[in-house]
1. Can you compute the FRET efficiency between ILE143 and ASP257 using 1/(1 + (r/R0)^6), with r the Cβ-Cβ distance and R0 = 45 Å? Round to the nearest 0.05.
2. Can you give me the relative contact order of segment 240-283 as a percent, contacts being Cα pairs under 8 Å and 6 or more apart?
3. Multiply the residue separation of ASP189 and LYS13 by 0.36 nm, subtract the distance between their alpha-carbon atoms, and state the gained length in nm to one decimal.
4. Once you have a ≥ b ≥ c as the square roots of the Cα gyration tensor eigenvalues for segment 202-289, tell me rounded if a/c is under 1.5, and otherwise prolate or oblate according to whether a/b is larger than b/c.
5. Per residue, how much space in cubic angstrom lies within the convex hull of the C-alpha atoms of segment 240-283?
6. Cut-off under 26 Å on the C-alpha distance; same-chain residues fewer than 8 positions from LYS28 excluded. Which lysines are left, in chain and number order?
Amino acid sequence: MPDYVDWFVNREKQYQGFQKMLARETPKTIMLVEALADMGKTWLIQTMRHHCEQANIPVMHVDFRDRRPHDYLSLVRLTRDQMGAQYFNQLTTAINSFTGVNITLSGSGQGAGSVKITDVSGSTIQAQDVAGRDIIKDNQFYIQTDSDMARRAAESQINDAFFACLATLLEEKKQAVFLFDSFEDVTADAERWLQDYLLPRLHKRHLPGVLVIVAGRKAPALAAEMKDLVAKTSLDLFTEAHVREYIVERRKIDGLDLPTIFKTSGGYPGLLAKMADVAAMDTQKDEDWL
């Protein structure tokens, strides 16, 4: 399991709020976690992701620190690949229709019939079958258009297909979670997709069961009419008791001067983690080779 889960300390208020959102004990469907660097935002996001995976709740997670040039196309593909490609054949078909691939479906009903995919040369591209469902293979090409009008048409059709697939997934799974980490590094295109496509559908109640969690040093600016759906929170510095819990109970490191560790770290979880990493490395030295 990720260390983020094993070492999770002092973010119970936010985590319990997330649990309430999943249980639909609150009308909130969007959580904005805004805090400075080294405050443990990623710990929180990873703990939420772990819970979803353990509970078999479809979850999409992106950390914008990866520096990829994220746009609507990369985000819908990422969602498909993380939540289950078998639910998103209509999306992949729409993407491939704009990148020179022809799709032929035969038979009727989900998982029935056959899928034939050919590229522009007529060569057959194989589809993958998982759990009795044909999964159409994405050719992973970029959308190339010769006009802005054509680009907008492709974007609209691909997003329509994506949200239709997401709605079908929700019919079966009932819930889905989007986790956006390090929002201060979001690309303009990715933020536009969030603001123009995903969040308006939550506002209009078109995606019942979908939760969106955004964490970062900055939070997205949301329209005033969405305030009833939004829970805003920040993260506090660790206390000395939290430092003791983290070092001794979670990291299992003994013999450190905890008051000094607390003072030096300033209560910042990220700095505390780095100090614990150094201490753990010192206790694991093996110099028998000398």
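Just so you know, all these numbers are worked out from the coordinates, no wet-lab data involved. On a predicted model such as this, the values are computed, not experimentally measured, just so you know. Methodologically, a virtual Cβ is constructed for each residue, glycine included, from the backbone with ideal geometry; neighbour enumeration extends over all protein chains shown.
1. Details: r = 57 Å, r/R0 = 1.27.
Computed FRET efficiency for ILE143 and ASP257 comes out at 0.20.
2. Working: 24 pairs, mean separation 17.2, N = 44.
Taking the mean separation of contacting Cα pairs over the length of segment 240-283, I get 39 percent.
3. Details: separation 176, 0.36 × 176 = 63.36 nm, distance 3.18 nm.
So the chain would gain 60.2 nm between ASP189 and LYS13.
4. Numbers: a/c = 3.70, a/b = 2.59, b/c = 1.43.
Cα axes put segment 202-289 in the prolate bin.
5. Numbers: hull volume 2.6 nm³, N = 44.
So the per-residue hull volume is 60 Å³.
6. LYS13, LYS20, LYS41, LYS173, LYS174, LYS204, LYS218, LYS227, LYS232
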